[in-house]
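*Asks:* What follows is a structure written as structure tokens; I'll ask about it next.
The values are calculated or read from the model by the stated rules, or taken from the named source; none is laboratory data. Not measured: the values here are computed from a predicted model. No Cβ is skipped: glycine too gets one built from the backbone with ideal geometry, and neighbour counts run over all protein chains shown. Just so you know, the surface numbers come from the protein's heavy atoms only, side chains and all, with ligands and any DNA or RNA stripped out. Shrake-Rupley method; radii C 1.70, N 1.55, O 1.52, S 1.80 Å.
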Amino acid sequence: TYPNILGLSFSGVVESVGPGVEKFSKGDNVAVARPHGKAMIQDWVFPVDALACAENTSKLPSSEFLESGAKVVLNLATVTAACSHFLGLERPGLDKPKSQRGERILVYGGSSSCGGLAIRYAAAAGYEVVTTSSPKNREYVNSLGPVA
């Protein structure tokens with residue numbers, strides 16, 4: 001029903017915080033994953049004003065573009081589901097990267113937002129990553145993890 005807000009993530013700058021919120025301050029750059037079915041956008045004022053639950057909000061480095069933060073929320077879930085659920089790959093460790101498994105995985109489009117996350121995810125799980133990239137993005141892609 002109107003006003004239906006499509007999408008599950010957004011990013012922005014904190015204008016104010018509610019009572020009991022200690023993790024965020026005015027001026028923080030944040031990315032938010034809006035739980036499906038939970039209204040957090042103030043009626044007609046979107047995209048100017050939005051409400052976010054602290055539990056679903058992550059602080060971004062001040063150097064990070066807000067657009068990047070909004071994309072990461074959904075893309076990370078996509079990468080996790082694709083790698084571990086659909087492809088059956090091992091998951092990364094929670095405390096530190098796993099040791100090398102001696103297996104390779106191809107990530108097509110390593111410099112894209114999903115590709116970059118997939119490289120980091122697979123590398124942390126101990127896979128050697130083979131990927132594609134333009135020469136312009138080679139240095140960036142190599143910085144993401146062990147890439148063949």
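*Asks:* Counting only residues 5 or more places away or on other chains, whose amide H sits under 5 Å from the amide H of Val130 once H atoms are built in the peptide plane?
*Replies:* Long-range HN contacts for Val130: Ile105, Leu106, Val107, Ala148.
*Asks:* Protein chains only, probe 1.4 Å: how do Ile119, Ile105 rank by accessible area, largest first?
*Replies:* Listed by decreasing accessible area, they come as Ile105, Ile119.
*Asks:* What does the accessible area of Leu144 come to, in Å² to the nearest 10, when a probe of 1.4 Å is used?
*Replies:* It works out to around 20 Å².
*Asks:* Shifting gears a bit: Taking the stretch 81-148 on its own, what percent of its Cα-Cα pair distances exceed 15 Å?
*Replies:* 45 percent
*Asks:* Label points 7 Å out from Cα along the Cβ direction at Val21 and Ala54: separation in nm?
*Replies:* The two pseudo-label positions are separated by 0.9 nm.
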